[in-house]
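Inspection log for the structure reproduced underneath, given as C-alpha cells.
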Amino acid sequence: MATTALHPAARTYRSTLYEWVTTTDHKKIGVMYLINSFIFFFIGGLLALGVRSELAQPGLQFVTDQVYNELFTMHATFMIFLFIIPILAGFGNFIVPLHIGAPDVAFPRINALSLWLLPMAGLLLLLSFFTGQAPAAGWTSYSPLAQDRPLGSVGPGQDLWIVAVVLVGTSSILGAVNFLVTIFKMRAPGMTLFRMPIMVWTVLVTSVLGLLATPVLTSALIMLFIDRNFGGAFFDPRNGGDAILYQNVFWFYSHPAVYIMVLPAMGIISEVLPVFSRKPLFGYKAFVFATAAIGALGFSVWAHHMFTTGAVYLPFFSLMTFLIAVPTGVKMFNWIFTMWRGQLVLSTPLLFALGFLSMFLIGGINGAFSAAVPVDFALHDTYWVVAHLHYVLFGGSVFGVMAGLYYWFPKMTGRMLSEGLGKIQFVLMFIGFNLTFFPMHQLGLAGMPRRIADYSSTAGWNDLNLLATIGGFTIAASMIPLLWNIFVSLRSGKPAGDDPWEGNTLEWATTSPPPPYNFDHLPEIRSERPLFDQRHGHAAPAATAVVPQSASTSH
Amino acid sequence: MATDSHALTPQDHSPVAGLAHDERGGISNVVLGMLLFITSEVMFFAGLFAAYFNVRANAPQWPPINAETGEAFHLEILPLVGPATVLLILSSFTCQFAVWAIRRGDRTAFLRNIGVTFAIGVTFLIMQGIDYTILYSEGVTLGSGTFGTTYFTLTGFHGAHVFGGAIMLGVVLYRGLAGQFSARHHDAVEAVSLYWHFVDVVWILLFSLLYLLPGKSPAGV
C-alpha cells in the first residue's frame with residue numbers, strides 16, 4: 001500500500017494557504033466556516049457595543065439617529081446571517097460525515113461553494129458602510145422602511161444588503177441539499193436512521209427547514225429589490241401593492257430560521273450532556289420525534305411576529321405558538337433526565353451546555369408570554385422582545401456553540417483547550433449575558449421601545465440601561481480568555497489523543513484531527529453509542545448469552 | 001462480539017464521495033440532490049405565486065386599468081405565447097425520449113432528442129424576448145403597477161430558469177457528443193431531465209394563471 005502514497009516531498013509545491021482555499025475536505029471547510037463565522041461574530045459584537053454605549057445614558061453621546069439605526073441593523077444582520085446560521089452549518093459540516101461514518105459529504109465541491117459564498121456576502125455587507133448609508137431598516141427590512149421613497153433607506157446600501165442575504169440563502173440551500181443527501185445516502189453499514197447521533201438528526205431537520213423556507217426569503221428579497229430598483233409595485237400600496245405581504249413572506253422564512261438557529265445547538269448539547277453525565281441520552285426516540293415536530297410546527301407560527309398588524313388570524317397562530325412549546329418541553333425533560341443521577345463531569349463543555357439549558361429555559365418561558373395575543377399587544381416592539389430573542393439566540397445558540405467548540409476543538413486540532421481559561425470565559429459570559437439581557441425584561445415592561453437611540457432621562461430607564469451596557473462589555477471581555485485559550489492551545493496545548501472525553505459517537509474512533517478520508521476502521525455500529533459498546537462490550541463476555549439485549553442495545 | 005471493528009471496503013462505501021453509483025442500490029446521489037434542489041425551487045416560485053394571488057385578491061378588478069392608456073391590461077396568447085407553450089411542452093417529451101434512449105444505450109437517439117430539446121429551449125427564450133419587446137412597446141412594463149410587476153417577475157424568473165435549464169442541456173449535449181454517457185453512466189442526464197420537466201410544469205401553471213384564468217370585474221359593474 002505504501003506505493004500508492006505520494007512521496008512526502010511532493011507536498012511542498014503547494015502552500016498551506018493554497019491547500020485550504022482550494023480544499024473540498026468537509027473538515028477543513030467546517031473549520032473555515034467556524035473561523036469565518038467568528039470573524040463576523042466579533043464584527044457584530046463591536047456593533048452591539050456601539051449600540052450599548054449609545055444607550056448607556058439618555059441623550060445622544062456618540063452617534064446620530066441614522067448611524068444608530070445602521071448599528072443595530074448591521075449587528076443583527078451579521079449575527080444572524082453570518083454568525084449563528086453559518087457557524088452551526090460549520091459544526092454540521094465538520095461533524096456530520098464523521099458521525100455517520102462517511103468519508104465526506106455527498107457533493108464536496110458544492111460544499112466548498114456554500115462556504116465561499118459566505119465571506120463574499122460578508123464583504124458586500126461591509127462595503128455597504130462605504131456607500132454613504134449602510135442598511136438602516138432593521139434586519140427585517142420591512143417595506144416601506146426599506147424602500148427608497150419617500151422616507152426609507154436611500155442609496156445602494158440596502159441593495160447590497162439584499163444581495164448579501166440572497167447569497168447567504170443560496171449557501172444555506174446548497175448546504176441543506178448536501179446535508180440531506182449525505183445523511184440519506186452515505187451512512188456507514190449499521191448506521192440506521194435511529195442509530196444516528198442526535199446532532200445528525202437536528203442537522204437533518206434544520207436542512208429540511210432551510211430547504212423549504214430559505215427560497216421563500218429569496219423571493220421576498222427579490223421582490224423588494226424589484227420594488228426598489230425597477231419601479232415594482234409588490235409592496236407599494238399606492239400602486240395596488242401590499243406592505244403586509246412582505247412581512248408574511250419574510251417571516252415565512254424567518255420564523256423557521258429561528259429553529260435553523262437553535263436546533264443544531266440543541267444537537268450539540270445533546271451530544272455533550274450524555275458524554276459528561278456518563279449516561280445515554282434519556283428518551284432518544286422522543287427527542288427525535290420532538291425535533292421533527294418542532295420542524296413541522298415551525299412552519300405554522302410565522303404570523304406571531306405580526307399579531308399587531310391586524311392582518312392575521314390571531315387564534316390560530318397563538319394556538320400553534322403555544323403548541324410548539326410542547327416538543328421543546330419534551331426536550332427539556334430529555335436533557336434533565338439525561339443528567340439525573342449521572343456522574344457529572346463539570347468540564348467546560350458541560351458548563352456551557354448547562355448555560356444553554358438554563359438560559360434557553362428562560363427564553364422559552366418569556367416567549368410563551370408573548371404567544372398570548374393580549375400580552376403581545378402590550379409587549380410588541382418593546383425591549384421585552386429584545387430580551388426574549390437574546391435569551392433564545394444568545395443564551396441558547398451561542399452557549400451551544402461554545403459547548404461545541406470546547407467539545408470538538410480537540411478533534412479538530414488534536415489539542416485540548418485549557419479548562420481553567422474555559423471556566424473563566426464561562427463565568428464572565430454567563431454573568432455578562434444576564435447583566436445585559438435580564439434588565440431588558442424590566443425595561444420592556446416599563447415601556448421602553450426597541451430601536452431607539454435616545455430616551456427620556458425621566459422615564460426611569462437609566463439604571464437598567466447602564467447595567468445592560470456594563471453587561472455588554474463583560475460579554476466582550478469574556479472573548480479575551482477564549483481567544484487567548486485558542487492561541488495558546490494551538491501553539492502548545494496538551495495533545496488530545498483520539499478520545500479525550502470518552503465519547504460515544506464515531507468521531508472519537510478516528511485520530512485527532514482525522515485523516516482526509518476520516519476512518520481507517522469503523523467500529524461495529526449496533527446502537528447510537530458505538531464507541532461505548534466498543535469500550536464496554538467486552539466487560540462481561542460470559543454474560544452475553546444471558547442478557548444479549550441489554551448489552552447490545554440501549555433503546 | 002469477537003470483532004469490534006472491521007476494515008472499510010469499497011462494498012461499504014463508494015471510495016469517492018459523491019460518486020453517482022451507489023453499490024447498495026437506490027436513488028443516486030445526483031438525482032436525489034436534484035430532486036431536493038427542485039423542492040427548494042418550488043418553494044421559491046411558491047413565494048412569487050403567493051405574491052401574485054395576494055395583489056390579485058386585493059385589486060378591485062383584474063386585470064387592472066393601465067394608468068397610461070386608461071384601459072384594462074390585456075395579454076395576447078397568439079401569435080407568440082401559445083406556440084411557445086406548445087413547443088415547451090413538446091420539449092419535455094423529447095427530453096424524456098432522450099432519457100429513455102440513453103437508458104437503452106442508444107446514443108444516436110439520445111443526442112438527437114437532447115439536441116432538439118436544447119433548440120426548443122433556446123427558441124422559447126427568443127420568443128419570450130420578442131413578446132417582452134411587444135409588451136414594452138404597448139406600455140406594459142415592470143413599473144406599470146401590480147399587473148406589470150407580477151407578470152414580468154413571474155415570467156422573467158421562469159425565463160431565467162429556462163435559461164439555466166438550457167445551459168444544463170447544453171452541457172449534457174456537449175458531454176454526450178464527447179461520448180461520456182452510457183446505459184450505466186448517465187445520472188447527469190436523469191437529473192437535468194428532471195429539472196427540465198420542472199421548468200415545463202412551472203410554465204404550464206404560469207400560463208394557466210396569467211392567460212386562462214378568468215379575470216374579475218370591478219364590484220357593481
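Read the figures in this text as sums done on the coordinates, not as results from a lab. Remember, it's a predicted structure, so these values are computed and weren't measured experimentally. Here Cβ is always computed from backbone atoms with ideal geometry, including for glycine, and neighbour counts include all displayed protein chains.
Computed from backbone phi, the HN-Hα couplings of segment A:459-475 come to 7, x, 9, 5, 5, 5, 5, 4, 4, 4, 5, 4, x, x, 6, 5, 4 Hz, rounded to whole numbers (Karplus: 6.51 cos²θ - 1.76 cosθ + 1.60, θ = phi - 60°; Gly and Pro given as x).
Amide H contacts under 5 Å for B:Ala72: B:Asn66, restricted to partners 5 or more places along the chain or on a different chain, H placed in the peptide plane at 1.01 Å from N. For A:Leu522, the residues whose modelled amide H falls within less than 5 Å of its own, excluding neighbours fewer than 5 places apart on the same chain, are B:His6, B:Leu8. If you take the alpha carbon atoms of segment A:386-538 and fit the smallest convex hull around them, that volume is 153 Å³ per residue. Taken over segment B:29-212, the alpha-carbon convex hull comes to 101 cubic angstrom per residue. With all pairs of separate Cα atoms included, the protein assembly as shown yields a Kirkwood hydrodynamic radius of 28.3 Å.
May I ask you to work out the translational diffusion coefficient for segment A:166-300 at 20 °C, viscosity 1.002 mPa s, via Stokes-Einstein with Rh from the Kirkwood sum over Cα pairs, reported in whole µm²/s? This corresponds to a translational diffusion coefficient of 129 µm²/s.
In segment A:331-456, the alpha-carbon atoms span a convex hull of 132 Å³ per residue. Taking amide hydrogens as placed 1.01 Å from N in the peptide plane, the amide H of A:Thr382 sits under 5 Å from those of A:Arg450, each at least 5 positions away in sequence or on another chain. With 23 Å as the limit, the listed pairs A:Lys331/A:Lys494; A:Lys185/A:Lys285; A:Lys27/A:Lys423 have A:Lys331/A:Lys494; A:Lys27/A:Lys423 beyond it between alpha carbons. The fewest-to-most ranking of A:Val386, A:Val105 by surrounding Cβ atoms within 10 Å reads A:Val386, A:Val105. The phi torsions of segment A:219-226, fed into the Karplus equation with coefficients 6.51, -1.76 and 1.60 and a -60° offset, translate into couplings of 5, 4, 5, 5, 5, 4, 4, 5 Hz, rounded to whole numbers, with Gly and Pro shown as x. Phi-derived couplings, Karplus 6.51 cos²θ - 1.76 cosθ + 1.60 at θ = phi - 60°, listed residue by residue for segment B:27-44: 5, 6, 4, 5, 5, 4, x, 5, 4, 5, 4, 4, 4, 5, 5, 4, 5, 4 Hz, with x used for Gly and Pro.
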